[in-house]
Amino acid sequence: MSGVAYIDKNARQASENITVRRMDFDFSDQLREFWCDDNPVLTAFLTGLSVSFPAGERFFIDSVRHYETQLKQSKNTNPALLADIRAFIGQEAHHTVEHQALNGFMERKGYPIRKMESFIAERIKMMQGTSAPEVNLARTVALEHFTAIMAAGFLSHPELMDKMDPEMAALWGWHAIEEIEHRSVAFDVYQEVVGDDALRRRTMRTITYFFILMNTIRTLRLLKVSGNSFNLKAWGKAANMLWGYPGVLRKIVPQYLSYYRKGFHPSQHDVSAIVAAAKKKYLKEA
Ligand SMILES: [Fe+2]
Ligand SMILES: [Fe+2]
């Protein structure tokens, strides 16, 4: 258990508790291929996200870890931030292990998951190696904002979560809770060691473009493999779920935009009730 509340010199809000939980999900081959709402489009979209996690989360860990030693050596660093970094790394490492289990399940169903994972890992490595550490950290902060607001969006929509196979819902529920728990860590490190607000916002624009583009490409590729590229009924239902009614992604647009505000901090979006309910539901934690 980490995440002792701390207030830094810019009076940012106190950090939230970050708990590293080791999980062990079992995605046996008995699960249905279209494990989200029997819908190939929703399943492809979520699988595409999952495929990006192993290399993506490795990148997040590297970006934050790069500054860990510097923060440790500085007398001004709040010890709570260092503890939060450790917990952040622990959580992300466990997410990767469990998403690899999901990814392995989809590979066995005939999707070229490992190939897609390697492609992403190579691209990220190239981008990482040719960029300054502060830019890599700004990218991490932007992507962590995406994961945190999507996590809150997922958790507040039983219309989506309850349509998943229960083991899948448990994985996404757990991951979403922890993404919210550690949502401020990369941001706080960035404020401490870089603090360039213009770079933070500029980077979000580029990340948004690539995040949407790459997720669309991955969804289309997976759909092609399953032979559902032109399954209009599935497209209609998925579009409605994500952008119509209930509109899981449509509803997080205001939180996305808040990132561009001056004085933004991830903890300003109050999701305590959503997280408390999700902890009860998915983790049996009071
Ligand atoms: Fe994660
Ligand atoms: Fe994360």
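Read-outs: derived from the displayed coordinates by stated rules, not from any lab. Everything quoted here is computed from the prediction, not taken from an experiment.
Quick notes on this structure:
- Under 17 Å from the Cα of residue 280 - aspartates and glutamates, other chains or at least 8 residues apart: 162, 167, 178, 179, 181
- Span from the the range 241-260 Cα centroid across to the the range 120-186 one, whole angstrom: 15
- Pairs from 72/262; 233/281; 115/251; 262/284; 163/251; 125/251 whose Cα-Cα separation, in the structure shown, is over 26 Å: 72/262; 233/281; 115/251; 262/284; 125/251
- Translational diffusion coefficient (Stokes-Einstein; Kirkwood radius from C-alpha pairs) of the chain at 4 °C, 1.567 mPa s, in µm²/s: 67
- For the residues 139, 261, 202, a GNM of the chain with alpha-carbon springs under 10 Å puts the largest fluctuation on 261.
- Between 203, 47, 216, the Gaussian network model of the chain with springs among Cα atoms under 10 angstrom shows the greatest mean-square fluctuation at 216.
- Relative contact order for the chain, counting Cα pairs under 8 Å that sit 6 or more residues apart, in percent: 27
- Residue with peak Gaussian network fluctuation, the chain [Cα springs, cutoff 10 Å], from 194, 141, 185: 194
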